[in-house]
Structure formats: structure tokens, C-alpha cells
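Taking it in order: structure first as C-alpha cells, then the write-up.
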Amino acid sequence: MGIAPTAHAESVDFVMLYIVAVSVVLLLGITATMIYFVFKYNRKKGHQPVDIHGNTLLEVVWIVIPTLLVLSMFYFGYTSFRELRDIPENPFTVKVTARMWKFDFEYPNGKKADTLYVPINKDIELKMESMDVNHAFYIPAFRIKEDIIHGKVNHLYFKPRELGDYDVACAEYCGLNHSAMYTKVKVLYENDFDKWLKGRE
């Protein structure tokens, strides 16, 4: 199994697995405890309910542990979110224009394409705007999505670290042919990207 195509994808996968793992442990633990108590403290066996009101230790445990778990989920989720918002200095910037029903990409030298070509291991910033309705730029393999709002410029950042072709979709219903609004991100070696950018295939 190869590495994730971006460090952000790896972070998102970790957060997801962490939350699922905590949820499964809690589900199994609580369920097992409930079943155990049903049989262990069955009233038919002579057990009488015990008043636990005022048990400071129990109250501390069921407040502190859930709070720490929720804070840890927030921390990992927030640090992953900041990876997209803290754009490094001097990224390679591509202008993205969304319209019904396609994406157009314009490079700093004026070259235009309907497929997003980017060099590997380079900081990429997308400056995105819509010419009509609202759209959303979504790269599932990179675990990134950003709304493209008419009348506003939004930004999206990523740093690809695996060569390949990756699907790009509009993830916001934008009209009749929304389902056909697809393109690709092509991650190339830097020298191959430079040749493409200069017009030599």
C-alpha cells in the first residue's frame, strides 16, 4: 500500500480512524458493561439498588474522560484543518474558474487548460471563482473540498507527493449537468510539468 497522495489526506485518514476507533471502543465497552450489569446485579438474585449520589470519583471519571476524548478529537481535526489554511509563502498559484458545467485553469504564464496539471512536491494554491452559480471543487483522493462562490475568490492549498491522475468533481449541485462536471488533476515530475507549461509535450 503506497503513501497517501498528500500529507493532508494522511492527516484526515488518521483523524477519521481515530474517531472511529474511539467510538468502537466506547460502543463495545458500554454494551459489555450493560450486559454484565444485567446479569451480575439482577434483582431476582437479591441485589438491591445502591444510591451512588455524591460519588465524587465517578462524577470526575465520567466528566474528565469524555472531555479529554472530545478535546483530542478537536485538536487532531483542527491541526488537519490548519494544514489547508496556512498556505506557505510563494506557492505555485493556479487560477480556477468554475462555470456550468466545467472547470478552467489558468497558469501564471497565461496558459489555459481544462485539466489541472501540477508538479509533484510543490506547494499549490488554487485561487477559485465562479462565473455563475455556486460550485464546489472536490478532489476525493486528496480529501479536500472548497466551495466556489459567485462574486468571491476562495483559496485551496495542497502539496501532491504521488504521481498520478486524480478525479476532480463539483460537489455542489449546480444545475442540469452537475453530474457531468468532472475533470482531472495530473501530478507530474517537475521537468515534465515545465515542458507542458512551456507548450512542449
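No lab work stands behind these numbers, since they all come straight from the coordinates. Remember, it's a predicted structure, so these values are computed and weren't measured experimentally. Positions of Cβ are backbone-derived with ideal geometry, glycine not excepted, and every protein chain shown enters the neighbour counts.
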Worksheet entry | Calculated on alpha-carbon atoms, Rg and Dmax of segment 112-173 in Å | 11.9, 34
Worksheet entry | Contact order normalised by residue count of the chain, Cα under 8 Å, 6+ apart, percent | 22 percent
Worksheet item: Between Met73 and Tyr182, what is the spin-label point distance in nm, taking each point 7 Å from the Cα along the Cα→C-beta axis?
Response: 3.3 nm
Discussion item. Can you list the DSSP H helices in the chain whose Cα atoms extend at least 30 Å along the helix axis and whose mean Kyte-Doolittle hydropathy is 0.5 or higher?
Written reply: 7-40, 56-85
Practice prompt. Could you tell me what fraction of 2.2 N^0.38 Å the Cα radius of gyration of the chain comes to, as a two-decimal ratio?
Written response: 1.51
Discussion item. Tell me whether segment 30-72 comes out rounded, prolate or oblate; compute the Cα gyration tensor, take square roots of the eigenvalues as a ≥ b ≥ c, and use a/c under 1.5 as the rounded threshold.
Written reply: oblate
Fill in: Three-way shape call for segment 92-197 based on the alpha-carbon gyration tensor, with the a/c threshold at 1.5
prolate
Worksheet, complete the sentence: Too long for a 18 Å Cα-Cα cut-off, among Lys112/Lys145; Lys122/Lys186; Lys95/Lys122; Lys145/Lys195; Lys102/Lys159, are Lys112/Lys145; Lys145/Lys195; Lys102/Lys159
Practice prompt. Using the charge dipole of the chain (Lys, Arg: +1 at Cβ; Asp, Glu: -1 at Cβ; taken about the Cα centre), state which of Leu188, Ala98, Val168 has its Cα farthest towards the positive end.
Written response: Val168
Worksheet item: For Lys127, what charge total do you get from the other residues with a beta carbon under 10 Å from its beta carbon, if Lys and Arg give +1 and Asp and Glu give -1?
Response: -2
Worksheet entry | Top positive-direction residue, dipole computed over the chain with Cβ charges, set Asn121, Ser23, Pro140 | Ser23
Practice prompt. Quick one: which residues, 5 or more positions from Ile148 or on another chain, have an amide H under 5 Å from its amide H? H modelled 1.01 Å from N in the peptide plane, none for Pro or chain starts.
Written response: His135, Ala136, Phe137
Worksheet, complete the sentence: Expected vector for segment 135-143, Karplus 3J(HN,Hα) from phi with 6.51, -1.76, 1.60 and θ = phi - 60°, integer Hz, x for Gly and Pro, equals 10, 9, 8, 10, 10, x, 5, 8, 6
Worksheet item: Rounded to the nearest 0.05, what FRET efficiency do Arg82 and Ser23 have when you use their Cβ-Cβ distance and R0 = 25 Å?
Response: 0.55
Item to complete: Return the single residue from Leu71, Leu27, Leu84 with maximal mean-square fluctuation; model: Gaussian network over the chain, springs between Cα atoms under 10 Å.
Response: Leu27
Worksheet item: Cα gyration tensor of segment 7-85, axes a ≥ b ≥ c as square roots of the eigenvalues: rounded (a/c below 1.5), prolate (a/b > b/c) or oblate?
Response: oblate
Worksheet, complete the sentence: Treating only Lys and Arg (+1) and Asp and Glu (-1) as charged, each at its beta carbon, one finds that the chain has a dipole about its Cα centre, in Debye to the nearest 20, of 540 debye
